[in-house]
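One structure is given here, and the rest of the page talks about it.
The values are calculated or read from the model by the stated rules, or taken from the named source; none is laboratory data. If you're wondering where the values come from, they're calculated on a predicted model, not measured in any experiment. Cβ sites come from the backbone with ideal geometry, for glycine too, and all protein chains shown count toward neighbours.
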Amino acid sequence: MGDSTGKPRIRWLAAVVISLVIPLGAPAGAEAQHDKTGAPAPAPALTGSLPAAPLGSGGKGDEVVETKWGPLGAGDRDFISKVRLAGLWELPAGQQAMQKSQNPKILEAGQHLIDGHTALDQMIRNGGQALGVELPNQPNSDQSGWLTELTNSQGDDYERTFVNRLRAAHGKVYGFAAQIRAGTKNELVRAMAAQTMNTVFDHITVLEKTGLVDFAALPSATVLGKSPPRTGHRLHEHRTVATLLTAGHPHHGIQFDRHDDPTPRARRDRRSRRALALGQTQEGHAPILTGCPGCPRCRRPRDRASLDRAATDG
């Protein structure tokens with residue numbers, strides 16, 4: 001049996017999202033209007049739909065501030081700012097495509113960019129204002145360079161550059177929006193991230209329909225949940241069965257050479273820890289003190305005799 005307690009909350013949140021992009025007094029069904037390309041028509045903003053917070057009150061840096069929609073952190077602010085930045089060059093790119101190309105598929109993609117980013121930008125500006133987040137008003141240097149590149153290219157070269165620049169950019173925004181959607185603690189940001197994903201996915205789809213996307217040039221997918229490879233400074237070439245931190249420095253450790261010990265790993269680890277606690281060495285397992293290169297606190301001797309003394313002296 002479903003829980004009905006969350007339904008009013010869901011309806012309220014849906015109303016908030018709609019209020020970011022649909023004006024009061026708009027004709028019924030205005031949010032569903034489409035042009036001949038099938039792209040959703042941009043909806044004017046509802047001014048005053050959400051109370052505006054003082055500019056900058058949404059926090060800066062790593063600061064987490066409380067809002068009526070939940071905590072607002074650095075990742076949330078970064079998301080809002082990046083979506084705004086994306087619209088500052090992707091919307092003009094769509095407008096330019098409508099002037100420079102006669103290819104029906106490019107024209108369709110350009111129209112989707114115009115319609116989608118017009119509505120998305122209005123939502124982000126309203127949401128940012130409600131949360132007190134300062135937003136950029138000019139594209140960054142990379143984005144300005146991409147627009148210049150598109151302006152200077154012509155014909156087939158223009159169409160391929162347009163499609164691949166926009167497809168790569170939308171792929172990054174989509175992944176970032178999904179990360180925020182999955183992890184944000186702020187309900188308003190969560191709703192904006194969901195809408196961003198919908199819009200960006202539509203743009204990715206229509207760009208790929210052109211048949212001009214160079215998929216080989218896109219970043220390769222990574223294994224989800226895979227940890228990055230460990231790196232560290234070793235003073236020997238043997239494999240180790242345990243790395244035990246000493247109290248002197250969080251970057252120092254005691255490592256025991258494995259050699260050919262057939263003892264199961266768990267038992268070897270326990271034996272190594274006991275030996276370290278007792279200040280002992282074991283036959284075939286010479287303790288080696290390691291340090292992080294370049295750290296000013298790494299002042300311990302590194303010759304074998306001194307290392308053995310350091311381990312046995314505790």
Taking the conditions exactly as written (under 22 Å from R181 (Cβ atoms), in the same structural domain as V206 (by TED's automatic domain parsing) and either surrounded by fewer than 20 Cβ atoms within 10 Å (Cβ to Cβ) or at pLDDT below 95 (or both)), does G58 satisfy them or not?
yes
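Listed here are the residues, each with its yes/no results for (1) under 19 Å from the mean Cα position of the chain (by Cα); (2) within 27 Å of A221 (Cα to Cα); (3) hydrophobic (A, V, I, L, M, F, W, C).
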site: N126; (1), (2), (3): no, no, no
site: L131; (1), (2), (3): no, no, yes
site: E134; (1), (2), (3): no, no, no
site: N137; (1), (2), (3): no, no, no
site: Q143; (1), (2), (3): yes, yes, no
site: T148; (1), (2), (3): no, no, no
site: D156; (1), (2), (3): no, no, no
site: F162; (1), (2), (3): no, yes, yes
site: L166; (1), (2), (3): yes, yes, yes
So, first residue assigned by TED's automatic domain parsing to the domain that holds G59 in region 119-143, second residue polar (S, T, N, Q) and part of a loop (DSSP other than H, G, I, E, B), Cβ within less than 9 Å, six or more apart or across chains; the pairs are N126/T47; N126/S49; A130/S49; L131/S57; L131/N186; G132/S57; V133/S57
